[in-house]
1. What shape does the range 180-230 have by the C-alpha gyration tensor, where a ≥ b ≥ c are the square roots of the eigenvalues, rounded means a/c under 1.5, and otherwise prolate means a/b greater than b/c and oblate the rest?
2. Residue by residue through the range 261-271, which ³J(HN,Hα) values in whole Hz follow from phi under the Karplus form 6.51 cos²θ - 1.76 cosθ + 1.60 (θ = phi - 60°), with glycine and proline marked x?
3. For the range 159-209, compute the orientation-averaged projected area of the C-alpha convex hull (one quarter of its surface), in nm².
4. Where the accessible area of the range 175-243 is counted over protein heavy atoms with a 1.4 Å probe, how much of it, in %, is carbon and sulfur?
5. Using the structure shown, select from LYS103/LYS262; LYS127/LYS262; LYS102/LYS234 the pairs with a Cα to Cα distance greater than 25 angstrom.
6. Order the peptides 209-217, 257-265 from the highest to the lowest mean number of other Cβ atoms within 10 Å of their residues.
7. Leaving out ligands, DNA and RNA but keeping every protein chain, what accessible area does HIS91 have, in Å² rounded to the nearest 10, with a 1.4 Å probe?
8. Only Lys, Arg, Asp and Glu count, each charged at its Cβ (+1, +1, -1, -1), so figure out the dipole size of the range 211-291 about its Cα centre, rounded to 20 debye.
Amino acid sequence: MAGRNERQRRQARERYRRQQQERAARQRQVRKRWVTGVSAVVAAGLIAALIVVFLPGSGKNASASASKSPKATATASASASASTVAEPAHHCSYSAATSAAKKVSFPPAAPDYTASYQATINTNQGKIVFNLLNSKATCTVNSFVHLAEAGYFNKTQCHRLLTSGIYVLQCGDPYATSTAKLTCSSSSIVGTGTPGYAFASENLTGAKYPAGTVAMANEGTATSNGSQFFIVYKDSTSGLTASYTPFATVSSGLDIVQNVAKDGYSCQYAQAGGGAPKKKVIIDSVTIKKT
């Protein structure tokens, strides 16, 4: 009888030990899934933060950076990544993207790669003059000149100002009309505008972003350039990776942008970063001089 009781007690202890082990194993598995899930969320958050750094806006295009934006191929080689052909490019490709914010045709496929271009941005704050880098970013310049001559930028305002880490004023979205009140609302379409086509990045090898650089905004991919661009008013090389096509330099009027930056912004874009400038910068027209 004593032997039988002892066996029962031993079996009970064994069952209890196995139950404890199984419970501990389940808890470890739960903790593992939780940590993995948190890591994935954190990683996704970091990636999203990087992507939205240069999306043309927030809200509907927050799944893009940056505005947001163009997704297609258009390079001298029509590749699915940044152009690697020798510049100046002799042929450009532009692919259909999201619906155009303002009706405009595609740029010509054959750029004038031997020309020199100067663009004068006529704003309510004064004239800002760009020297376009046609020999280094031919297809980008070809697109910018085409949009400017088509009046695409006319009566729009620069909708986004960044004043910390990255120091830029972003422009080129027709949804930001000259009369629009920029609210930074996540439901706003401002910052999502494209010309209805997209093309690939150029001139990225060793790209830096000192004050006076003019570069393309994109959605975080090398083939998502459209119409939105930004003017660097203070060195931002340490804050920006070489992912945004530098296609011009400011030869005069940079002080206008710097003065706008001093006033800061009136509201903040929750996802894209930066905000709507307190001092409105309205582009009345863009004049192109070709030599």
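1. Since a/c reaches 1.5 but b/c is at least a/b, the shape of the range 180-230 is classed as oblate.
2. Each residue's phi maps through the Karplus curve to give 4, 4, 7, x, 10, 8, 8, 10, 6, 5, 9 Hz.
3. Averaging across all directions leaves 5.2 nm² for the Cα convex hull.
4. Ligands and nucleic acids excluded, carbon and sulfur give 53 percent.
5. Distance filter (> 25 Å) returns LYS103/LYS262; LYS102/LYS234.
6. 209-217, 257-265
7. Using a 1.4 Å probe on the heavy atoms, I get roughly 90 Å².
8. With Lys and Arg at +1 and Asp and Glu at -1, about 180 debye.
The values are calculated or read from the model by the stated rules, or taken from the named source; none is laboratory data. In this text the structure is predicted, and so the values were computed from the model without any measurement. Because the Cβ atoms are built from the backbone with ideal geometry, glycine has one as well, and the counts that use them run over all protein chains shown. Just so you know, the surface numbers come from the protein's heavy atoms only, side chains and all, with ligands and any DNA or RNA stripped out. Shrake-Rupley method; radii C 1.70, N 1.55, O 1.52, S 1.80 Å.
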